[in-house]
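**Q** Have a look at this one before I ask anything.
The values are calculated or read from the model by the stated rules, or taken from the named source; none is laboratory data. All values derive from a computational prediction rather than experimental measurement. Glycine gets a Cβ as well: all are built from the backbone with ideal geometry, and neighbour counts include every protein chain shown. The accessibility values were calculated without ligands, DNA or RNA, using every heavy atom of the protein model including side chains. Shrake-Rupley method; radii C 1.70, N 1.55, O 1.52, S 1.80 Å.
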Amino acid sequence: MLRSWPRTHTAWTIFAAFLALAAALFLPLRAGGQQPGNAMPTPRLLLVTPCGGQTGSTFEVTVTGQDLDAPTGLHFSHPDIKAEPLGAGSPAKVVSMKGKKGGKAMTNAANQRFKVTVPADVPPGIHDVRVVGKWGISNPRAFVVGDLKEFVEREPNNDVPEGQRVEVNSTVTGVISAPTDVDYYLFHGQKGQRVVVSCLTSSIDSRLPAVIELYSSAGSSLASSRGYRENDALLDATLTEDGDYYVRVSSFTYTQGGADYFYRLTVTTAPWIDAVFPPMVEPGKSAQVTVYGRNLPGGKADSSAVVDGRVLEKITVTVEAPADAVAGQRLAYTGHVTPAASGLDGFELRLRNGAGVSNPMLLTYAHAPVVLENPANDTPENAQRLTLPCEVAGRFEKRNDRDWYVFHARKGDVYSIEGFAERLGSPLDLFLEVRKAGAANVLAELDDDPEILSLQLYTRSDDPPRYRFAAPADGDYLLQVGSRDGTMRWGPRHVYRVRITPERPDFRVIAMPPGANLPDAAVVHRGGHQLFNLVVWRQDGFNGEIAVTAEGLPPGVTLPPQVIPPGAKQGVLVVSAEPDAPAWAGTVRLAARAKVGGKELVREVRAATATWPTPQPNIPTLSRLDREVVLAVRDQAPFSLTAEGKRFAVLPGGKVTVPLTLKRLWPDLKGPVQLTALDATKNLTFRPLTLQPGKDRGEAVFDVKNNAIPGTYTVVLRGQAQAPFARDTKAKGKKANLNIVQPSTPITIRVLPKEVAKLTLSPGTVNVKRGGRTEVVVQVARLYDYEGDFKVQLILPPGTKGLSADKVIIPAGQNEARLVLRAAPDAATGPRPSLSVEAVALIDGTLPATHRAKLSISVGK
């Protein structure tokens with residue numbers, strides 16, 4: 001008879017509590033962010049039950065969240081999925097808005113019910129769902145579309161006799177409602193079936209660190225799993241007899257549980273892909289890849305491919321990488337994308353057998369010929385020779401595996417060397433080492449990438465950072481590839497990709513809603529403004545300006561082109577709504593443009609959001625990549641802050657004064673409005689300003705540092721005020737005093753360079769006879785894409801007589817002119833060492849930039 005299993009592990013409970021305390025004490029700090037409480041109503045979607053459904057079916061879904069008043073529908077990232085409101089559900093489950101320990105429960109919590117229809121042709125995968133209602137559009141939650149029969153957990157199922165019966169090739173949505181909760185499911189299996197049990201948590205926005213176990217009806221343990229990828233779990237077993245089998249689901253260490261610890265458990269004989277090798281394909285080409293997994297169609301067992309003690313199958317398939325240039329810049333993947341992987345491009349591979357479709361596996365794009373690792377390259381002496389440029393696909397097949405490669409480079413050759421593992425979903429903690437062949441000294445040792453684009457999109461990775469390799473001499477160079485945990489990490493999933501290619505400067509831009517540490521979505525109010533936070537992946541040394549524009553905006557909404565300044569990895573983007581803009585909610589398309597090597601590159605802007613609230617605004621946010629950028633237009637804004645004047649130009653060391661106008665749109669907004677700057681650059685500083693009642697005009701003053709990098713800067717001010725507010729304008733009673741935050745219209749400041757060219761003279765020393773003439777070629781090497789004229793003249797010290805030169809112009813599009821020097825018949829003979837030639841350019845059509853070069857003239861008889 002099957003008996004119950006233990007539910008608590010005291011030692012693990014104490015250890016987990018210690019880790020939680022350590023994390024709270026030692027995570028880095030940041031400022032900013034707005035906490036829930038007395039803020040304006042903002043729709044926040046926290047729970048979706050069930051969090052997915054079967055294609056070709058209609059079913060009821062309950063959503064739980066904050067400020068979901070008067071819902072009009074659900075917005076899905078796939079437009080064919082439809083929903084109809086059914087009304088409010090039972091009282092909402094309490095979900096913490098500040099973390100589990102000592103947190104504050106979500107205010108204005110509510111449940112809403114919908115009838116959802118998923119057409120049969122909607123592709124399987126993770127889609128986004130949002131609630132649209134009175135206060136706007138919410139943050140997304142993962143909504144999984146599958147091709148198997150669906151169940152919803154039925155309590156009680158806390159012990160073996162209460163196990164809920166499901167079927168092979170079905171999915172059940174459940175929740176670990178308390179730390180010590182366990183859920184049991186039983187299914188009838190047949191001898192010889194290879195049954196795969198997957199439990200999705202992290203990948204569907206759940207907090208649950210899942211543990212799953214499989215038992216026979218007699219209580220024999222067949223398999224268990226946790227941490228297959230992040231908090232998701234996966235196991236499989238080949239059944240030895242017909243009969244019932246039990247799946248047990250719990251929280252690791254039994255210390256975490258609640259409404260937000262949900263899961264999708266699938267019991268299936270459909271394919272599961274563990275790895276694909278190589279993990280990259282050249283765009284527009286077909287390639288054969290080896291797929292490792294379970295229940296693969298036509299798959300054969302490979303005794304050398306083992307994961308968690310289970311032998312995997314493998315097959316070879318041909319994939320066709322998209323040839324479209326736009327597709328080659330997208331991440332067309334329906335799985336979960338972490339912040340560290342949000343800058344990748346690629347597409348997905350799925351397989352199908354008679355039971356159903358597999359999980360997706362990401363294939364990235366290679367930009368050079370793909371070279372497969374030679375397994376015999378484990379020592380420097382057996383290093384595998386590479387011909388550059390190339391991309392290497394490798395994997396670790398044994399304990400303490402190391403892979404060595406050798407390539408030839410000439411002095412001054414420049415290549416980007418970059419390793420990918422964690423970002424591909426590999427468990428490897430990758431490191432790279434570069435050295436000159438035959439030399440002991442290491443040129444570069446590359447381990448974890450500490451770069452953090454922002455705390456809102458926390459991009460830290462175990463992958464090494466890109467290395468700009470400039471060959472110091474002709475010769476061979478060795479590249480070692482290894483893992484910091486080589487004693488435990490090897491097998492078919494432990495793949496990596498290393499590219500060694502010439503630099504290809506590029507960029508990817510990600511838009512996030514205004515909430516710094518909360519699930520959020522952008523809602524702009526009539527007559528007001530709203531912002532998106534921008535995060536930038538700068539690739540292969542690209543440091544130029546990036547202009548962001550919008551398409552598909554609704555009537556009455558505008559978004560002027562705005563610029564992310566040179567070198568910045570963060571920026572802001574402001575959208576405005578006219579006072580009569582109609583209510584709206586939907587998808588907007590943002591595009592980012594920049595010049596690289598004189599050619600304009602256009603990239604689609606991606607979207608991301610915070611997944612769960614963080615306890616404080618000064619610690620990294622748990623976030624993920626979304627499927628689309630969304631916006632909603634709603635009722636009147638509390639106030640409008642407008643920066644007058646479209647563009648301002650200034651030289652480094654100067655200052656800019658921007659006139660401001662505040663319009664108080666709510667009659668009860670009678671207090672002061674405090675202004676701070678949201679600009680993402682350290683080159684400009686803003687003097688804090690408060691607009692008092694009755695004095696709603698002011699001036700924002702920006703000081704530009706002497707070392708400011710020339711370029712265009714979009715700066716936004718943050719206005720903060722207090723005002724009474726009633727959620728129900730028809731109800732009588734005391735209004736709540738709200739903390740209101742609104743951005744200004746964008747301010748464009750162009751920091752002009754002090755010089756736009758390097759000036760040279762040929763020759764720099766000349767001889768001229770009395771009464772004679774000579775020529776000097778004045779050359780300019782243009783900088784900062786300046787294309788205008790240069791006015792050139794000879795500059796003589798005061799009192800100099802007998803020398804002259806007519807002014808000349810170097811026209812737009814040209815780089816030199818001839819300056820004719822004349823010596824009068826009575827000019828004094830001898831050297832004139834203190835002369836110079838001056839070339840003046842008008843930057844931005846208004847500010848002169850002066851360039852000088854010394855000129856020596858000797859006058860002879």
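**Q** Restricting to segment 797-838, give me the number of residues that are under 60 Å from the mean Cα position of the chain (by Cα) and small (Gly, Ala, Ser).
**A** Of the residues in segment 797-838, 6 are under 60 Å from the mean Cα position of the chain (by Cα) and small (Gly, Ala, Ser).
**Q** Hey, among the residues in segment 845-861 that are not in a strand (DSSP E or B) and not charged (D, E, K, R), which one's least open to solvent (accessible area, probe 1.4 Å)?
**A** The qualifying residue least open to solvent (accessible area, probe 1.4 Å) is Gly845.
**Q** Turning to a different aspect of this structure: Could you figure out which of (1) of a type in the set (A, V, I, L, M); (2) at pLDDT 90 or above; (3) in contact with a Lys or Arg (Cβ under 8 Å, 6 or more places away or on another chain) isn't true of Ile81?
**A** Single failed check for Ile81: (3).
**Q** Looking at (1) under 33 Å from the mean Cα position of the chain (by Cα); (2) at pLDDT 90 or above; (3) open to solvent by 30 Å² or more (accessible area, probe 1.4 Å); (4) within 30 Å of Pro43 (Cβ to Cβ), which one does Ala680 not meet, given that it meets all the others?
**A** (2)
**Q** Does Tyr467 fit the bill of being open to solvent by less than 10 Å² (accessible area, probe 1.4 Å), of a type in the set (Phe, Trp, Tyr), modelled with pLDDT of 95 or more and over 30 Å from Val129 (Cα atoms)?
**A** no
**Q** If you go through segment 211-258 one residue at a time, how many are touching an Asp or Glu at 6+ places or on another chain (Cβ under 6 Å) and either open to solvent by 20 Å² or more (accessible area, probe 1.4 Å) or not basic (Lys, Arg) (or both)?
**A** Final tally of qualifying residues: 4.
**Q** Tell me, which strands (runs of 3 or more DSSP E) lie completely within segment 681-792 with 1 or more residues that are in contact (Cβ under 8 Å) with a residue 60 or more places away in the chain and among the β-branched types (Val, Ile, Thr)?
**A** By residue number, 711-715, 736-743, 747-751, 757-762, 765-769, 773-782.
**Q** So is Leu344 under 26 Å from Asp506 (Cα atoms), in contact with a helix residue (DSSP H, G or I) (Cβ under 7 Å, 6 or more places away or on another chain) and not β-branched (Val, Ile, Thr) or not?
**A** yes
**Q** Among the residues of segment 158-184, how many are more than 18 Å from Ser216 (Cβ to Cβ), part of a loop (DSSP other than H, G, I, E, B) and either open to solvent by 10 Å² or more (accessible area, probe 1.4 Å) or without any contact (Cβ under 8 Å) to a residue 24 or more places away in the chain (or both)?
**A** Summing the residues that are more than 18 Å from Ser216 (Cβ to Cβ), part of a loop (DSSP other than H, G, I, E, B) and either open to solvent by 10 Å² or more (accessible area, probe 1.4 Å) or without any contact (Cβ under 8 Å) to a residue 24 or more places away in the chain (or both) in segment 158-184 gives 7.
Results for (1) hydroxyl-bearing (Ser, Thr, Tyr); (2) closer than 14 Å to Val267 by Cβ, shown as yes or no for each residue.
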residue: Val166; (1), (2): no, yes
residue: Asn169; (1), (2): no, yes
residue: Val172; (1), (2): no, yes
residue: Tyr184; (1), (2): yes, yes
residue: Ser198; (1), (2): yes, yes
residue: Ser202; (1), (2): yes, no
residue: Val211; (1), (2): no, no
residue: Ala223; (1), (2): no, yes
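**Q** Here's another thing I want to ask about it. With at pLDDT 95 or above, surrounded by fewer than 18 Cβ atoms within 10 Å (Cβ to Cβ) and at negative phi as the only criterion, which of Pro140, Pro123 stands out?
**A** Pro123
**Q** Let me ask something additional. Would you check if there is a residue in segment 827-844 being out of contact with any Phe, Trp or Tyr (no Cβ under 6 Å at 6 or more places or on another chain), open to solvent by less than 20 Å² (accessible area, probe 1.4 Å) and touching a residue at least 60 places away in the same chain (Cβ under 8 Å)?
**A** yes
**Q** Okay, next question. Take the residues of segment 145-157 that are over 29 Å from Asn353 (Cβ atoms) and open to solvent by 70 Å² or more (accessible area, probe 1.4 Å): which is farthest from the chain's Cα centre (by Cα)?
**A** Pro156
**Q** Within segment 280-298, how many residues are open to solvent by less than 20 Å² (accessible area, probe 1.4 Å) and farther than 20 Å from Pro375 by Cα?
**A** The total comes to 4.
**Q** Tell me, please, whether a residue that is open to solvent by less than 40 Å² (accessible area, probe 1.4 Å), modelled with pLDDT of 95 or more and either closer than 30 Å to Leu349 by Cβ or in contact with a Ser or Thr (Cβ under 9 Å, 6 or more places away or on another chain) (or both) can be found in segment 87-108.
**A** Within segment 87-108, not a single residue is open to solvent by less than 40 Å² (accessible area, probe 1.4 Å), modelled with pLDDT of 95 or more and either closer than 30 Å to Leu349 by Cβ or in contact with a Ser or Thr (Cβ under 9 Å, 6 or more places away or on another chain) (or both).
**Q** Further, regarding this structure: Looking only at segment 684-707, count how many residues are buried (at least 19 other Cβ atoms within 10 Å of the Cβ) and at pLDDT below 90.
**A** 1
**Q** Ok, one more. Can you confirm whether Val317 is among the hydrophobic types (A, V, I, L, M, F, W, C), more than 23 Å from Gly284 (Cβ to Cβ) and assigned to a strand (DSSP E or B)?
**A** no
**Q** Identify all residues within segment 595-624 that are surrounded by 21 or more Cβ atoms within 10 Å (Cβ to Cβ) and aliphatic (A, V, I, L, M); write none if there are none.
**A** Within segment 595-624, Val605, Ala607, Ala608, Ala610 qualify.
**Q** Answer yes if at least one residue in segment 350-364 is assigned to a strand (DSSP E or B) and of a type in the set (Ser, Thr, Tyr), and no otherwise.
**A** Yes, segment 350-364 has at least one match.
**Q** Out of all the residues in segment 340-347, is one or more among the small types (Gly, Ala, Ser) and part of a helix (DSSP H, G or I)?
**A** Yes, segment 340-347 has at least one match.
This table checks each residue for (1) surrounded by fewer than 22 Cβ atoms within 10 Å (Cβ to Cβ); (2) closer than 24 Å to Gln288 by Cβ; (3) in contact with a helix residue (DSSP H, G or I) (Cβ under 6 Å, 6 or more places away or on another chain); (4) among the hydroxyl-bearing types (Ser, Thr, Tyr).
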| site | (1), (2), (3), (4) |
| --- | --- |
| Glu397 | yes, yes, no, no |
| Asn400 | yes, no, no, no |
| Phe420 | no, yes, no, no |
| Asp447 | yes, no, no, no |
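**Q** Against the conditions (1) of a type outside the set (Ser, Thr, Tyr); (2) modelled with pLDDT of 95 or more; (3) over 30 Å from Glu628 (Cβ atoms), where does Phe114 fall short? Just the number, please.
**A** Condition not satisfied by Phe114: (3).
**Q** While we're on this one: Can you tell me which of (1) open to solvent by 20 Å² or more (accessible area, probe 1.4 Å); (2) assigned to a loop (DSSP other than H, G, I, E, B); (3) of a type outside the set (Phe, Trp, Tyr); (4) touching a strand residue (DSSP E or B) at 6+ places or on another chain (Cβ under 6 Å) is the one Asp476 doesn't meet?
**A** (2)
**Q** Which residues, taken from segment 331-344, are without any contact (Cβ under 8 Å) to a residue 60 or more places away in the chain and crowded, with 19+ Cβ neighbours inside 10 Å?
**A** Result: Tyr333, single match.
**Q** If you take the residues of segment 634-661 that are of a type outside the set (D, E, K, R) and under 17 Å from Gln530 (Cβ atoms), which of them is most open to solvent (accessible area, probe 1.4 Å)?
**A** Gln636
**Q** Right, next: Filter segment 708-734 for residues that are open to solvent by 80 Å² or more (accessible area, probe 1.4 Å) and at pLDDT 80 or above; which is farthest from the chain's Cα centre (by Cα)?
**A** Gln722
**Q** Pick from segment 303-322 the residues that are out of contact with any Gly (no Cβ under 8 Å at 6 or more places or on another chain) and touching a residue at least 24 places away in the same chain (Cβ under 8 Å): which of them is surrounded by the most Cβ atoms within 10 Å (Cβ to Cβ)?
**A** Residue satisfying both the conditions and the ranking: Arg310.
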